[in-house]
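Worksheet: one structure, shown below.
The values are calculated or read from the model by the stated rules, or taken from the named source; none is laboratory data. Since we're looking at a predicted model, the values are computed, not measured. With ideal geometry, Cβ positions are generated from the backbone for all residues, glycine too; neighbour counts draw on all protein chains shown. Note: areas computed on protein heavy atoms with side chains; ligands, DNA, RNA excluded. Shrake-Rupley method; radii C 1.70, N 1.55, O 1.52, S 1.80 Å.
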Amino acid sequence: MNSIRIGGHSKSRQLPENWSEVRSGSLAFVVKTLLTYQPVTAKIMILKHLLRVKTGIWYILTDEQVSDLVDLLEWMDMRKLVDPVFPVLKVGGRTYRMPRAEFDDGTAWQYAAADDYYRKYIESSNETDLDRLISVLLTDVRDKKALTDRDEVEKRAGVFRKLKDYERVVILAYFSGIKQRIYDNYSSWLFTAEGSGGTGVNFGWWGRYLDIAKTGVFGTVERVYEARFYDIIVFLIQEKEYYLAEKRAVEEMKNEK
């Protein structure tokens, strides 16, 4: 938390530094405001709400001071969202949990299936595809593991239409942010230049999972699906490293002849 002192008051106020520090009672207001207004206007409204600043006190602040406060909310950007703003959601009488920040505990199957539905939704704007994307990401808290069954995902997807619109948008933004983070961090290792176009690149995850299963490192393809997605990424990077090292060795042998 950032400690903020305003208007000469001795009592400081607390301003969150990330999504997990936003009071649960303020989350809905913050998200709806970000989705409704232009960024600077939204953040000023959010600052007033979070800091509980009276209008009269707010007006004594200089433009520079307000700008400094707005800068403290730079992380509050839906275009770069990698945190589950609503870690737990209740719908249809059941409680579901989102993957952790940056998809840290997300499975290989979850990522590939979510990627499929994400692409379909972006292309068609069909709400059913968004329902299915949400169904992939949300895990019933009573279950020990995330789903790895497309039929089950699609069977239960309709219940998530009951989520509030801003909750659905935030989940979509979360996965979009995760896709961008994966591309930014690992594109040079994992993705071909062909048709790259940012996160629009065709990753071909299902084919990669089959290839990984053939190595036996994670076990059967079902075990690959259940593996932590970032463990799969580490494996693929290592495989690329081995390939490049062998390629360099062959080139060096050719040059020595």
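In this structure the amide hydrogen of residue 95, modeled in the peptide plane, comes within under 5 Å of the amide hydrogens of 141, none closer than 5 places in sequence on its chain. List, in the order given, every pair from 80/179; 32/80; 32/164; 80/162; 54/164; 48/162 whose Cα-Cα distance in the structure shown is over 19 Å. Long pairs (Cα-Cα over 19 Å): 80/162; 54/164; 48/162. When the chain is treated as a Gaussian network with alpha carbon springs shorter than 10 Å, the biggest mean-square fluctuation among 61, 81, 34 belongs to 61.
Compared with the dominant principal axis of the Cα atoms in the chain, helix 39-51 is inclined by about 60°.
Computed on the chain, with alpha-carbon pairs under 8 angstrom and 6+ residues apart, the relative contact order is 17 percent. For the chain, find the longest principal axis of its Cα atoms and tell me its angle to the long axis of helix 205-215, 0 to 90°, nearest 10. Taking Cα atoms only, the helix is inclined about 50 degrees. Solvent exposure of segment 6-117 amounts to 53 Å² per residue of accessible area, where only protein heavy atoms count and the probe is 1.4 Å. Apolar share of the accessible surface for the chain: 48 percent from carbon plus sulfur atoms, 1.4 Å probe. Starting from one equal scatterer on each C-alpha and no solvent at all, send me the Debye-based log10 I(q)/I(0) for segment 41-176 at q = 0.11, 0.14, 0.19 Å⁻¹, two decimals. Each listed q maps to, in turn, -0.49, -0.69, -1.02. Straight Cα distances below 18 angstrom link residue 247 to the lysines 257, with same-chain residues fewer than 8 positions distant left out. Take 20-30, 107-117, 89-99 and order them by the average number of nearby Cβ atoms within 10 Å per residue, most first; the result is 107-117, 89-99, 20-30.
Under a 10 Å cutoff between Cα atoms, tell me which one of 56, 106, 158 has the largest fluctuation in the Gaussian network model of the chain. Judging by the Gaussian network model, the answer is 56.
For the chain, the fraction of C-alpha pairs farther apart than 30 angstrom is 41 percent. Under a 5 Å amide H cut-off, with hydrogens placed 1.01 Å from N, residue 13 pairs with 4, 5, 6 among residues at least 5 apart or on other chains. Taking other residues whose beta carbon is less than 11 angstrom from the beta carbon of residue 70, and scoring Lys, Arg as +1 and Asp, Glu as -1, yields -4.
Scanning residues 5 or more positions from residue 107 or on other chains, those with amide H under 5 Å from its amide H are 229, with H placed 1.01 Å from N in the peptide plane. Each other residue within a Cβ distance under 12 Å of residue 143 adds +1 if Lys or Arg and -1 if Asp or Glu, for a net charge of +3. The peptide list 35-44, 168-177, put in order of mean Cβ contacts within 10 Å with the highest first, becomes 168-177, 35-44.
Residues in segment 17-22 carry Karplus couplings, in order, of 9, 7, 5, 5, 8, 6 Hz; the curve used is 6.51 cos²θ - 1.76 cosθ + 1.60 with θ = phi - 60°, and Gly or Pro positions show x.
Tally Lys and Arg at +1 and Asp and Glu at -1 over the other residues with C-beta under 9 Å from the C-beta of residue 180: what net charge comes out?
Result for the neighbourhood of residue 180: +3.
GNM on the chain, alpha-carbon springs under 10 angstrom: the most fluctuating residue among 118, 225, 242 is 242.
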